[in-house]
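The values are calculated or read from the model by the stated rules, or taken from the named source; none is laboratory data. Computed from a prediction, not measured in an experiment: that's the story for all the values here. Backbone-built Cβ (ideal geometry, glycine too); neighbour counts: all protein chains shown.
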Amino acid sequence: MSTTMITTEFQPKVVTNAVDFSFANVPPPGVSSDVLRWVEQCVTLTKPDAVVWCDGSLRERQAFFELGEQQGVFVKLNQQKWPGCWYHRSNPNDVARTENLTFICGPGEQVAGPTNNFMLDKEAYAKLGALFDGCMKGRTLYVIPFVMGPLGSPLAKVGVQITDSLYVAANMGIMTRMGLQAWKQLGPDGADFTRCLHSVGDVNPERRYICHFPFDNTIWSFGSGYGGNALLGKKCLALRLASFMGRQQGWMAEHMLLMGVESPQKEKTYIAAAFPSACGKTNFAMLIPPKKYADAGWKITTVGDDIAWMYVNKDNGKLYAINPENGYFGVVPGTNSKSNPNALMSMSRDAIFTNVALVPLDDGTFDVWWEDSDWPAPKKAISWDGRDWTPEIAEQSGLKAAHPNSRFTAPMDNNPVLDPAAKDPQGVPVSAIVFGGRRSKMIPLVYQAFNWIHGVYMGATIGSETTAAAIGQVGLVRRDPMAMLPFIGYSISEYLVHWIRMRKKMTDCPRIFMVNWFRKNDQGKFMWPGFGENMRVLKWIVDRCHGRAYARETPLGWMPRSQDIDIEGLNMSAAEIAMLEDVSIDDVKNEVLLHEELFLKLAGDLPKEMIFQRELLISRL
Ligand code: OXD
Ligand code: MN
């Protein structure tokens, strides 16, 4: 179709008097005919009043905020305290990822495997097609071009998201490399882009579907305006579809933070770490070393806080990783100058706050607040779900001011400890992969896998207590293989085989570790201080990677002796470290039985390496 058809046939309107998008009603030059055809199909289906081709500029983002303010989508925050920052509240029925409404679609059930919800692709297109039909009448359709990954990276991928949500458009501008450079990367004849169609619809959980079509490089999301359900570059593209592409093309898309550890001797070690949602990935990725380490010259830098794409560098046979995102979408409650000063700095300007408490100030402007922040509770606020909130009401009714899964969206350039290589198209070499979960019992502070395949087994059998990041009961231990359970875009058995096969591509592979910051004593108190003190565990991990630290062999793997973890300056004794590292054989036997939860799901498709590793573990007990 031609460019003019879009403008004439759909009669785009000037959206409001105050915010004029009419300059953006035609596609910019150089947009490929495949994109034009697909946008036309989406416009025909959703029937918007106006079409806006976004350019990703800051001027445009400002216009989204201002228009959103008029429409009640955004509230401007006090600009002295929060320069460039805006507030948004989502529908109270739409505050977390909805895994039960998330589907992998294809011509047969085997594409989804036993751990994903499956829908026949034809059925999904028909079902969602009916919902999308005319859903944008009276609304504006925004066309968002974006790149996941540093521009020019061999792994960078182009996506185009269509949405009727200003909130989504503004967030995509922060979280991705949104803008005209995506058209350039795709090229005038390009067809290789992820087709992301999104509408908030009527935000009805009964009509909410997040559908992935890996064979068509397509995502259709209807009925939600929040986080991973709606910002389709993140979980949907960069994890579910990318994991599928990675399997086909020989690379990996993982739910991992990426951090750099620099020693006083300027030796740089990069670490990738996979923890389930809301288990502290952002805090770990932005860790501030304790004073003793900082004084000695140790530095931690962030490459990414949520997703890593990893490939084998052909020149040296090592695993390299990029962060496909351009911003952070971090959990807010609990963020303060002790837990994560770098996150506070990241959200201090040009950020979006979602579902925290809104605090009206005397001068008519607004502040934000959340539980466990640096600031004392306000006398009066509006809670995440729009109710009056006071400390008294909170005490009487337990009403939280901020939703436990409330978030900040912030550009990664705001992070004071952004790694200098965070935008390097080649990525960074990964020396260690760290798995972790939230386990109040039994799992020790740290141990190392005997080898890659054993590490794959450790990652595959991660157990973690569920959190508020997804709808459902919080605090249940579930198996969350590689912290990817909700994000593997194809069958888990093939995913595990892919992990095992990746080893053969590498001449030298990262060392693999398991950590648990969340072990509690019999009184229910955390046994490890966490946050910056995790540096002490990192140091052991880094030293192990470089062949410098001692470890003893145990049934679970290589473990530090209590004297191998530095406790100087920490209010803990070697005996307490020994307790944190203590593993009871009976507990391990129970844990092995819990691994069955995953293995039974995999039933006939369990990779033989997993069976062998399990047998070896049992034989060590
Ligand atoms: C996230 C999640 O938002 O994992 O990063 O849920
Ligand atoms: Mn995540």
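Might you let me know whether the range 389-411 holds any residue that is loosely packed, with under 15 Cβ neighbours inside 10 Å and either within 22 Å of Ser153 (Cα to Cα) or in contact with a helix residue (DSSP H, G or I) (Cβ under 8 Å, 6 or more places away or on another chain) (or both)?
Going residue by residue through the range 389-411, those that are loosely packed, with under 15 Cβ neighbours inside 10 Å are 391-392, 395-398.
Right, trim to either within 22 Å of Ser153 (Cα to Cα) or in contact with a helix residue (DSSP H, G or I) (Cβ under 8 Å, 6 or more places away or on another chain) (or both) and you get none.
No - not one qualifying residue is present in the range 389-411.
Condition first: within 16 Å of ligand 1 (Cβ to nearest atom) and under 15 Å from Ala432 (Cα atoms). Now tell me which residues in the range 260-285 satisfy that.
To start, the set of residues in the range 260-285 that are within 16 Å of ligand 1 (Cβ to nearest atom) comprises 272-285.
Passing the criteria: Ala272, Ala273, Ala274, Phe275, Phe284, Ala285.
For the range 558-566, does any single residue satisfy the condition of being farther than 30 Å from Glu109 by Cα and β-branched (Val, Ile, Thr)? Even if it seems obvious, please write down each step before you answer.
Initially, the range 558-566 is screened for residues farther than 30 Å from Glu109 by Cα, giving 558-566.
Within this subset, residues satisfying the condition of being β-branched (Val, Ile, Thr) are 565.
Yes - at least one qualifying residue is present in the range 558-566.
Suppose we keep only residues that are at pLDDT below 95 and among the charged types (D, E, K, R) within the range 95-120. Which one would you say is surrounded by the most Cβ atoms within 10 Å (Cβ to Cβ)?
Among those residues, the one meeting the criterion is Arg97.
How many of the residues in the range 161-182 are under 16 Å from Pro29 (Cβ atoms) and crowded, with 24+ Cβ neighbours inside 10 Å?
Restricting attention to the range 161-182, the residues satisfying the condition of being under 16 Å from Pro29 (Cβ atoms) are 179-182.
From what is left, the residues that are crowded, with 24+ Cβ neighbours inside 10 Å are 182.
Residues meeting the conditions: 1.
Restricting attention to the range 279-326, which residues are charged (D, E, K, R) and in contact (Cβ under 8 Å) with a residue 40 or more places away in the chain? If you could, list the steps in order and put the result at the bottom.
Let us first name the residues in the range 279-326 that are charged (D, E, K, R), namely 281, 291-292, 295, 299, 305-306, 314-315, 318, 325.
Lys291, Lys292, Lys299, Asp305, Asp306, Lys318, Glu325, listed by residue number.
Does any residue of the range 230-247 turn out to be outside any loop (DSSP other than H, G, I, E, B), at pLDDT below 95 and either out of contact with any Cys (no Cβ under 8 Å at 6 or more places or on another chain) or within 11 Å of ligand 1 (Cβ to nearest atom) (or both)? Break it down into steps so the answer makes sense when it comes.
Looking only at the range 230-247, we keep the residues that are outside any loop (DSSP other than H, G, I, E, B), and these are 230, 233-247.
Checking the rest, the ones that are also at pLDDT below 95 come to none.
For the range 230-247, residues outside any loop (DSSP other than H, G, I, E, B), at pLDDT below 95 and either out of contact with any Cys (no Cβ under 8 Å at 6 or more places or on another chain) or within 11 Å of ligand 1 (Cβ to nearest atom) (or both): absent.
Out of all the residues in the range 430-471, which are of a type in the set (A, V, I, L, M, F, W, C) and over 17 Å from Ala272 (Cβ atoms)?
Met442, Ile443, Leu445, Phe450, Ile453, Ala468, Ala469, Ala470, Ile471, listed by residue number.
Which of the residues that make up the range 477-503 are in a loop (DSSP other than H, G, I, E, B) and away from ligand 1 (no atom under 16 Å from the Cβ)? Before you say what the answer is, go through the steps one by one.
Taking the range 477-503 and keeping what is in a loop (DSSP other than H, G, I, E, B), we get 480, 484-491.
Correct list: Tyr490, Ser491.
Tell me which residues, restricted to the range 330-369, are away from ligand 1 (no atom under 16 Å from the Cβ) and within 11 Å of Cys85 (Cβ to Cβ). Outline the logic, then answer.
Initially, the range 330-369 is screened for residues away from ligand 1 (no atom under 16 Å from the Cβ), giving 336-339, 341-342, 344-345, 348-350, 357-369.
If the condition is that a residue be away from ligand 1 (no atom under 16 Å from the Cβ) and within 11 Å of Cys85 (Cβ to Cβ), then Ser348, Arg349, Asp350, Phe366, Asp367, Val368 are the ones that fit.
Output the number of residues of the range 138-150 satisfying the condition of being surrounded by fewer than 23 Cβ atoms within 10 Å (Cβ to Cβ) and either farther than 26 Å from Phe65 by Cβ or within 20 Å of the chain's Cα centre (by Cα) (or both).
Here the count works out to 1.
Let me confirm something: among Asp564, Asp586, which residue is out of contact with any Pro (no Cβ under 9 Å at 6 or more places or on another chain), buried (at least 18 other Cβ atoms within 10 Å of the Cβ) and outside the structural domain of Gly334 (by TED's automatic domain parsing)? Can you show your working first?
Numbers: Asp586 fails: buried (at least 18 other Cβ atoms within 10 Å of the Cβ).
Of Asp564, Asp586, the one residue that is out of contact with any Pro (no Cβ under 9 Å at 6 or more places or on another chain), buried (at least 18 other Cβ atoms within 10 Å of the Cβ) and outside the structural domain of Gly334 (by TED's automatic domain parsing) is Asp564.
Yes or no: Met458 of a type in the set (A, V, I, L, M), part of a helix (DSSP H, G or I) and within 18 Å of Lys281 (Cα to Cα)?
Working: of a type in the set (A, V, I, L, M): yes; part of a helix (DSSP H, G or I): yes; within 18 Å of Lys281 (Cα to Cα): no.
Judged against the criteria, Met458 is not a match.
Hey, can you tell me all the residues within the range 397-431 that are acidic (Asp, Glu) and not in a loop (DSSP other than H, G, I, E, B)? Outline the logic, then answer.
Taking the range 397-431 as the starting set, the residues that turn out to be acidic (Asp, Glu) are 413, 419, 424.
Selection gives Asp413 alone.
Would you pick out the residues in the range 337-368 that are surrounded by fewer than 17 Cβ atoms within 10 Å (Cβ to Cβ) and modelled with pLDDT under 95?
Residues satisfying the conditions are Ser337, Lys338.
For the range 302-344, enumerate the residues that are within 15 Å of ligand 2 (Cβ to nearest atom), within 22 Å of Gln248 (Cα to Cα) and among the small types (Gly, Ala, Ser).
Selection gives Ala308 alone.
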